[in-house]
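See structure below.
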Amino acid sequence: MSFFSIKDFITSGRKSLDDKNYWSALSVALMLPSMCSRLAYADNPDEYKNSKWNDKNDHSKGKIYTNWEDKKCYIDWCNENIESIFLKKCLGEKYAEVLYELRCDIVHAGCANVYADNKGLYLSLGDRATNTDFTKYRIVDISVLCDNIFDCAERWSTHFGASGFKYTRVFDSGNNDDNLLYQRLCDEERTDYLKEQFDKENCIISNLNI
């Protein structure tokens with residue numbers, strides 16, 4: 001059966017750039033630090049997850065970990081793994097915070113109203129897109145921004161190792177084995193249903209003959 005993981009998101013994001021589907025590529029790029037950080041900090045819940053005591057009067061009963069501290073995860077991962085001179089230069093010293101704000105605006109609100117080092121941040125797209133640093137504004141090429149994030153996520157995932165990834169099983173209609181498995185599951189489901197109906201009918205007939 002087929003699987004997908006963070007690597008597949010990176011591949012899809014790069015394909016979106018090749019297809020000039022800039023907003024799709026940007027959305028994937030900005031979400032990658034969230035995905036990577038969940039894996040990177042999975043073994044450190046005390047620092048990266050909210051928690052509460054099972055019994056506030058008896059701490060020996062341990063904690064219940066609730067939701068992730070998404071902002072801290074995102075920013076810490078970026079600070080530790082974004083090794084792009086371009087990103088640090090075009091987004092300023094607090095580039096990790098800027099990326100987080102940009103992600104929240106783009107993914108949750110569908111717009112961007114972000115300032116980096118008190119400069120307005122504007123996105124540029126197309127074949128003649130540019131990166132320009134004005135006195136009060138910055139213009140950033142979406143393609144270059146995405147490529148840099150994809151590169152950093154790719155390096156991190158290679159270093160992290162595939163054994164640590166979480167995989168989602170999928171049925172790929174273009175994969176013969178997946179199609180074969182899907183058909184087998186359908187056949188078994190249908191067979192079980194027919195067998196159940198047969199048993200019910202047989203039970204009724206048996207009761208009538210008593």
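Scan the stretch 87-124 for residues that are surrounded by fewer than 18 Cβ atoms within 10 Å (Cβ to Cβ), assigned to a strand (DSSP E or B) and in contact with a Leu (Cβ under 7 Å, 6 or more places away or on another chain) and jot them down.
Of everything in the stretch 87-124, just one residue is surrounded by fewer than 18 Cβ atoms within 10 Å (Cβ to Cβ), assigned to a strand (DSSP E or B) and in contact with a Leu (Cβ under 7 Å, 6 or more places away or on another chain), namely 115.
For residue 171, work out the one condition from (1) farther than 25 Å from residue 70 by Cβ; (2) free of Cβ contacts under 8 Å to residues at least 24 places away in the same chain; (3) in contact with a helix residue (DSSP H, G or I) (Cβ under 7 Å, 6 or more places away or on another chain) it doesn't fulfil.
The number of the failed condition is (2).
Of all residues in the stretch 93-116, count the ones that are of a type in the set (Ser, Thr, Tyr) and either within 11 Å of residue 75 (Cβ to Cβ) or not assigned by TED's automatic domain parsing to the domain that holds residue 153 (or both).
2
Taking the stretch 77-108, which residues are of a type in the set (Gly, Ala, Ser) and more than 24 Å from residue 44 (Cβ to Cβ)?
84, 92
Being among the hydroxyl-bearing types (Ser, Thr, Tyr) and part of a loop (DSSP other than H, G, I, E, B): is that true of residue 173 here?
Yes; evaluated as a whole, the condition is true for this residue.
The values are calculated or read from the model by the stated rules, or taken from the named source; none is laboratory data. Keep in mind it's a predicted model, so treat the numbers as computed, not measured. Every residue, glycine as well, gets a Cβ built from its backbone with ideal geometry; the counts of neighbours run over all protein chains shown.
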